[in-house]
Amino acid sequence: MKMYFRAAGVLALTLALGGAAHASNLVTDGNFDSPSGGGSFTTYFASQSFSAWTVDSGSVDLIGGYWQAPAGAGSVDLDGNSPGAISQSITTGKGAYELTFDLSGNPDGGPVTKTVQVTVGNATQTFTYDLAGNSHSDMMYVPESLKFTTSGPTTLTFTSLDVGTPYGPVIGNVSVAGVPEPASWALMLLGAGALGGALRARRSRTAGLA
């Protein structure tokens with residue numbers, strides 16, 4: 001019985017550690033709905049901010065009801081009147097993390113391939129979206145992800161790499177969460193194995209007494 005409780009305790013601890021690693025979204029206003037872009041959209045220019053996001057260059061459109069949103073109530077066209085960039089400081093500790101977001105493209109005009117560069121922690125990656133019949137009512141968002149490490153607080157930046165166009169890459173449903181260290185996974189497996197062994201031993205003793 002003591003072995004059972006010890007194994008259960010190990011498993012509970014490791015599950016708690018794993019849950020902490022996958023804590024709530026570290027991005028503020030990842031759904032771009034605080035504030036709302038309104039019934040259509042609102043344009044923000046370099047040095048302006050909305051919620052925790054700052055426009056670093058060019059301009060962007062905070063989309064309200066102009067087209068279909070992903071999981072949240074809003075999205076951002078990274079080409080406002082011209083290609084732009086937005087960033088946000090994120091409170092992270094030393095460790096491994098994963099960024100996820102939904103990507104689409106403004107269907108109102110070219111280029112056909114929309115391009116966005118993402119920088120966070122030690123990672124920089126370029127993502128592209130090809131217009132393929134998406135529309136205001138069906139933006140055909142594609143889930144994207146990027147794993148990164150950091151030694152402390154970091155900055156998340158989305159930069160449009162389009163040139164001379166107001167029809168850019170569209171992002172939404174932005175999230176950053178911790179990724180369990182390999183040692184945590186090993187501890188979780190050890191806890192699960194110990195609990196399974198204790199249960200098997202208990203069943204064997206019960207069968208022997210029957």
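The values are calculated or read from the model by the stated rules, or taken from the named source; none is laboratory data. Because the structure is a prediction, the values reported are computed rather than measured. All Cβ positions, even for glycine, are placed from backbone atoms using ideal geometry, and neighbour counts span all protein chains on display. We work out accessible area using only protein heavy atoms, side chains counted, and drop any ligands, DNA or RNA first. Shrake-Rupley method; radii C 1.70, N 1.55, O 1.52, S 1.80 Å.
So, counting K/R as plus one and D/E as minus one, what does the shell of residues with Cβ under 13 Å around T150 add up to? Please list the in-between numbers first.
Working: positive: K94, K147; negative: E98.
Around T150, the charge tally is +1.
Going by accessible area, probe 1.4 Å, with all protein chains left in place, what is the ranking of S59, S145, largest first?
S145, S59
Give me the one-decimal nm value for the distance between modelled label points at K147 and A46, 7 Å along each residue's Cα-to-Cβ direction.
That separation, rounded to one decimal, is 3.7 nm.
Net charge near V163, counting Lys/Arg +1 and Asp/Glu -1 over other residues with Cβ under 15 Å of its Cβ?
-1
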